[in-house]
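Report on the structure given below.
The values are calculated or read from the model by the stated rules, or taken from the named source; none is laboratory data. What you see is a predicted model; the values in this text were computed from it and never measured. Every residue, glycine as well, gets a Cβ built from its backbone with ideal geometry; the counts of neighbours run over all protein chains shown. Ligands, DNA and RNA are excluded from the accessible area calculation, which covers all protein heavy atoms including side chains. Shrake-Rupley method; radii C 1.70, N 1.55, O 1.52, S 1.80 Å.
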Amino acid sequence: HQPRGAAAMIEARQLAKHVGTVQGGRDGSFVAPDGRITGLLGPNGAGKSTSLRMVCTVLRPDAGAALIDGVDVAHDPLAARRRIGVLSHAAGLYPHLTGRENILYFGELHGLARAERERRADELIGMLEMGDCAARRAKGFSQGQRLKTALARALVHRPRNVVLDEPTNGLDVMAV
């Protein structure tokens, strides 16, 4: 657990992942301090998304460590997930649920009580200007509507840290 008074952060220490003969995210190290926006830049295939997937507990590192607010993602993935919101470049919405239902479902997965899920969904729908899609099934959403819904889903449990993997991919300038 995080020591009292320590700054919240995401830290990767020499992360590496092998998928067959391909090595992704080799020796990836970075620190994303609390209260700052940190970007990972590099050419395609450099391992940026693989490193983020390890940080977000989707992939288990073959070497190195990832910590979220001092919690090792490999040793306590559930505690790590509680401290982050994740928006991947493959939004993964449930197409037969409405925008609101997608948000509520993820609130339930994060253990929010029904009343808190409802309040939080209303708050995020207003904040992200989702009135045009909150009550519609996600199947026909535009790229912007999918992104807003996925972002609301990532923020529903009020995480201290948010990981965005290519959040502007496929969006027009006004949506960005």
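For beta carbons closer than 6 Å, sequence separation of 6+ or different chains, a first residue in the stretch 36-49 that is in a loop (DSSP other than H, G, I, E, B) and a second that is surrounded by 10 or more Cβ atoms within 10 Å (Cβ to Cβ), the qualifying pairs are Thr38/Ala32; Leu40/Lys48; Gly42/Lys48; Gly47/Gly24; Gly47/Gly25; Gly47/Gly28. Exactly one residue out of Gly107, Gly111 is closer than 28 Å to Gly70 by Cα and either surrounded by fewer than 15 Cβ atoms within 10 Å (Cβ to Cβ) or among the aromatic types (Phe, Trp, Tyr) (or both): that is Gly111.
Residues in the stretch 111-132: is at least one free of Cβ contacts under 8 Å to residues at least 40 places away in the same chain and of a type in the set (Val, Ile, Thr)? Yes, the conditions are met somewhere in the stretch 111-132.
Considering Leu52, Leu124, Leu59, Leu78, the condition of being out of contact with any Pro (no Cβ under 9 Å at 6 or more places or on another chain) and not in a helix (DSSP H, G or I) is satisfied by Leu59 alone. Restricting attention to the stretch 131-153, the residues that are within 7 Å of Gly99 (Cβ to Cβ), modelled with pLDDT under 95 and open to solvent by 40 Å² or more (accessible area, probe 1.4 Å) add up to 0. Cβ-Cβ distances below 8 Å connect the following pairs, each with a first residue in the stretch 156-167 that is more than 20 Å from Leu112 (Cα to Cα), a second residue that is open to solvent by 20 Å² or more (accessible area, probe 1.4 Å) and part of a loop (DSSP other than H, G, I, E, B), and a separation of six or more residues or different chains: Asp165/Ser88; Asp165/His89; Glu166/His89; Pro167/His89. Of everything in the stretch 28-75 that is charged (D, E, K, R) and surrounded by 13 or more Cβ atoms within 10 Å (Cβ to Cβ), the residue that is farthest from the chain's Cα centre (by Cα) is Asp62.
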